[in-house]
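The values are calculated or read from the model by the stated rules, or taken from the named source; none is laboratory data. This structure is a prediction, so every number in the text was calculated from the model and none was measured. Note: ideal-geometry Cβ built from the backbone for every residue, glycine included; neighbour counts use all protein chains shown. Protein only, heavy atoms only, side chains kept; ligands, DNA and RNA dropped before computing areas. Shrake-Rupley method; radii C 1.70, N 1.55, O 1.52, S 1.80 Å.
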Amino acid sequence: MKKIFVVIALSSVMFACNNKAKEEAALKQQEAEKQLAIKAVKDSLRLDSFKKAETAKLEAEKEAKHQAELAEARRAGAASSKSSRSYASSGGSSSSSYGGTQPTAKKQGWSDGAKGAVIGGAAGAVGGALIDKKKGRGAIIGGLVGAGGGYLIGRGEDKKSGRVQ
């Protein structure tokens, strides 16, 4: 009986030590995988920063070319306006002297305030029609309240994004 008890005790100790070693090996493997993943992310970020720097450099070159073209056109326009001063614009409106086009601002789309007002108005109209027994009156009141609330929320988002000050 004592021999059986000793064998069981020794085998349980051996199995316990063996499991501990396996767990430590698994933890080391997981740590190594984490380090590889971190390294891969850092490498990809480094590559992205190089790409961003390269595109910024190209954009700066394009802008410099554009500015040079504008300066050239202004000089040419100034030279032609000195030679032909016979007709000036009347009525106080001014036109560009070199005949080029002014760069237009890129359309930004709907503001968050406008989107919020539309979405809030639609949701409020549906909600008001469902709640009130007189469907038309409920839809109008709900639409107005929803549009106002949606506008206020969207306006706050516009302020956060810097679109509106």
(request) Using Cα positions and a limit of under 19 Å, work out the aspartates and glutamates in reach of Lys51, with same-chain residues fewer than 8 apart set aside. (result) Asp43, Glu59, Glu61, Glu63
(message) Sort Phe50, Phe5 by heavy-atom solvent-accessible area, probe 1.4 angstrom, most to least.
(response) Phe5, Phe50
(message) List the aspartates and glutamates whose Cα sits under 17 Å from the Cα of Lys42, skipping any in the same chain fewer than 8 residues away.
(response) Glu31, Glu33
(message) Modelling each spin label as a point 7 Å along the Cα-to-Cβ direction, I'd like the Phe50/Lys134 distance in nm, to one decimal.
(response) 7.2 nm
(message) Just to verify a number: what accessible area does Val126 come out at with the full protein assembly present, 1.4 Å probe, Å² rounded to tens?
(response) 90 Å²
(request) Rounded to the nearest 0.05, what FRET efficiency do Gln67 and Ile119 give with R0 = 45 Å and r taken as the Cβ-Cβ distance? Could you check? (result) 0.60
(message) Full-extension gain between Lys22 and Lys34, please, as 0.36 nm times their residue separation minus the C-alpha to C-alpha distance.
(response) 2.5 nm
